[in-house]
Amino acid sequence: VLYPPHLLYALLPTHLGMAASSLLHVLLVGGAAAVFARRVGLGWSAVVLAAALCSMRGRIAGLGAVPNMMEAGAWLAPGAIAVLGLAQGRGARSVALLAVSTAASTLAGYPQFTVYIGYAWAALLFALLLGERPPLAGWLRAGAGLLGGVALGALLAAPQLLPALEMSSLGTKGLGGLSLGEMFPYGVDIRASVAGAALELLSGKGSGDLALSFGYVGLALVPFSLLKRRHRSLAFGAIVLGLLVLSFAMGPVTPLFELYLRLPALDSFRIPRRILFVLDFCFAVAAALGLEELRRLASRLAGGSLRVGNALAAGIVVLALVELFA
């Protein structure tokens, strides 16, 4: 009720309000991914690719029929801009943006996505700080900014958050940890192979989830992201976090699911594969970093001609867009 964009429902018929909200949140995701990529220092082709892969494919883009999921998850990318600012030493504005992102995701009313976002922000900040290599005081300031921004966002959302916590404590499930049977209400084949579980998730068959089809162009770009020293820490962090998220989504077919169960609050939610929207963001970032490095390599091989590198990068973006809409 208190989520600000829901004012649309006071102005428009319900079906038009849902459509407008979906469009606005897709634009929010794409725009925030573009700003993040630009502030990382990527060229315009990589910026367009990051925005397209983050907003035009994956789970968030297809959740218009489940508005609170889409709305809660859409604030991952805006918060990532704030986390980047914290890593680079931009304090007050970054904390404010992080607070707004936390509050908005909380007010959207799907706490499972909000909790996943909090973990993603923490992992992203760690990866960025490894690349920035600030002194100990810089690590402490950035960590305090992250905690402060999330706490301030929770405070802003308190008029909805506190009654929700009270209601949850009175419910049949409560806020405690779930058994595997409760966590996987549609069943999980713990005898499945890792390859089989990954294939099921990537195809979307039998899972009730949207397919994760990454696309050949984006996947081919990801390895190039590790070549450039300047962005290597961010690229490595995005890839590792994405693989960890994928392993969590597979369920108990890998030993890493024990880590998922031990992390605070994660065992309170059903259907862990809902975390896959974090993988979408990681993939978009890694592919954009890879395109930027490929552009640099092409310019270098062409004798320093930026025109050649830019033309190659623009062509790859066109191929990626064609593949998205094919």
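The values are calculated or read from the model by the stated rules, or taken from the named source; none is laboratory data. This structure is a prediction, so every number in the text was calculated from the model and none was measured. Note that each Cβ is placed from the backbone with ideal geometry, even for glycine, and that neighbours are counted across all protein chains shown. Each accessible area value is taken on the protein alone, full model and side chains, heavy atoms only, with ligands, DNA and RNA left out. Shrake-Rupley method; radii C 1.70, N 1.55, O 1.52, S 1.80 Å.
Take the residues in segment 54-71 that are buried (at least 23 other Cβ atoms within 10 Å of the Cβ) and more than 11 Å from the chain's Cα centre (by Cα), then tell me which one is farthest from residue 17 (Cα to Cα).
Looking at residues that are buried (at least 23 other Cβ atoms within 10 Å of the Cβ) and more than 11 Å from the chain's Cα centre (by Cα), I get 57.
Taking the condition modelled with pLDDT under 95 and crowded, with 20+ Cβ neighbours inside 10 Å, does residue 271 pass? So that I can check it myself, show each step before the final result.
Values: modelled with pLDDT under 95: yes; crowded, with 20+ Cβ neighbours inside 10 Å: no.
Judged against the criteria, residue 271 is not a match.
Take segment 216-239 and flag every residue that is under 14 Å from the mean Cα position of the chain (by Cα) and of a type outside the set (A, V, I, L, M, F, W, C).
237
Go over the candidates 102, 172 one by one and state the one that is open to solvent by less than 40 Å² (accessible area, probe 1.4 Å) and not aliphatic (A, V, I, L, M).
102
Mind checking whether some residue in segment 17-39 is aromatic (Phe, Trp, Tyr), open to solvent by 20 Å² or more (accessible area, probe 1.4 Å) and in contact (Cβ under 8 Å) with a residue 24 or more places away in the chain?
Checking segment 17-39: not a single residue is aromatic (Phe, Trp, Tyr), open to solvent by 20 Å² or more (accessible area, probe 1.4 Å) and in contact (Cβ under 8 Å) with a residue 24 or more places away in the chain.
Only residues in segment 109-137 that are among the β-branched types (Val, Ile, Thr) count as the first member; pair them with residues that are at pLDDT 95 or above, Cβ under 7 angstrom, at least 6 apart or cross-chain, and list the lot.
Matching pairs, first to second residue: 114/72; 114/105; 114/106; 117/75; 117/76; 117/79; 117/105.
Can you give me the number of residues within segment 279-326 that are open to solvent by 40 Å² or more (accessible area, probe 1.4 Å), of a type in the set (Gly, Ala, Ser) and either in contact with a strand residue (DSSP E or B) (Cβ under 9 Å, 6 or more places away or on another chain) or in contact (Cβ under 8 Å) with a residue 60 or more places away in the chain (or both)?
Number satisfying all stated conditions: 1.
Would you pick out the residues in segment 240-256 that are under 20 Å from residue 185 (Cα atoms), under 16 Å from the mean Cα position of the chain (by Cα) and surrounded by fewer than 22 Cβ atoms within 10 Å (Cβ to Cβ)?
Across segment 240-256, the qualifying residue is only 247.
Among the numbered criteria (1) among the aliphatic types (A, V, I, L, M); (2) in contact with a Leu (Cβ under 7 Å, 6 or more places away or on another chain); (3) without any contact (Cβ under 8 Å) to a residue 60 or more places away in the chain, which single criterion is violated by residue 234?
Of the numbered conditions (1) among the aliphatic types (A, V, I, L, M); (2) in contact with a Leu (Cβ under 7 Å, 6 or more places away or on another chain); (3) without any contact (Cβ under 8 Å) to a residue 60 or more places away in the chain, the odd one out for residue 234 is (3).
Residues that are hydroxyl-bearing (Ser, Thr, Tyr), under 20 Å from residue 279 (Cα atoms) and under 14 Å from the mean Cα position of the chain (by Cα), at least 3 per element: which helices (runs of 4 or more DSSP H) completely within segment 74-177 meet that?
Here the list reads 92-108, 111-132.
Can we say residue 162 is out of contact with any helix residue (DSSP H, G or I) (no Cβ under 6 Å at 6 or more places or on another chain), closer than 21 Å to residue 114 by Cβ, surrounded by 17 or more Cβ atoms within 10 Å (Cβ to Cβ) and modelled with pLDDT of 90 or more?
When the stated conditions are applied, residue 162 does not pass them.
Among the residues of segment 225-239 satisfying the criterion of being open to solvent by 70 Å² or more (accessible area, probe 1.4 Å) and part of a helix (DSSP H, G or I), which is modelled with the highest pLDDT? So that I can check it myself, show each step before the final result.
Quick first cut of segment 225-239, residues open to solvent by 70 Å² or more (accessible area, probe 1.4 Å) only: 227, 229-230, 232, 236.
Restricting the remaining residues to those that are part of a helix (DSSP H, G or I) gives 229-230, 232, 236.
Working: 229: 83, 230: 85, 232: 92, 236: 95.
Going through the qualifying residues, I end up with 236.
Look at residue 259 and say whether it is of a type in the set (A, V, I, L, M), surrounded by fewer than 21 Cβ atoms within 10 Å (Cβ to Cβ) and either out of contact with any Ser or Thr (no Cβ under 9 Å at 6 or more places or on another chain) or without any contact (Cβ under 8 Å) to a residue 40 or more places away in the chain (or both).
yes
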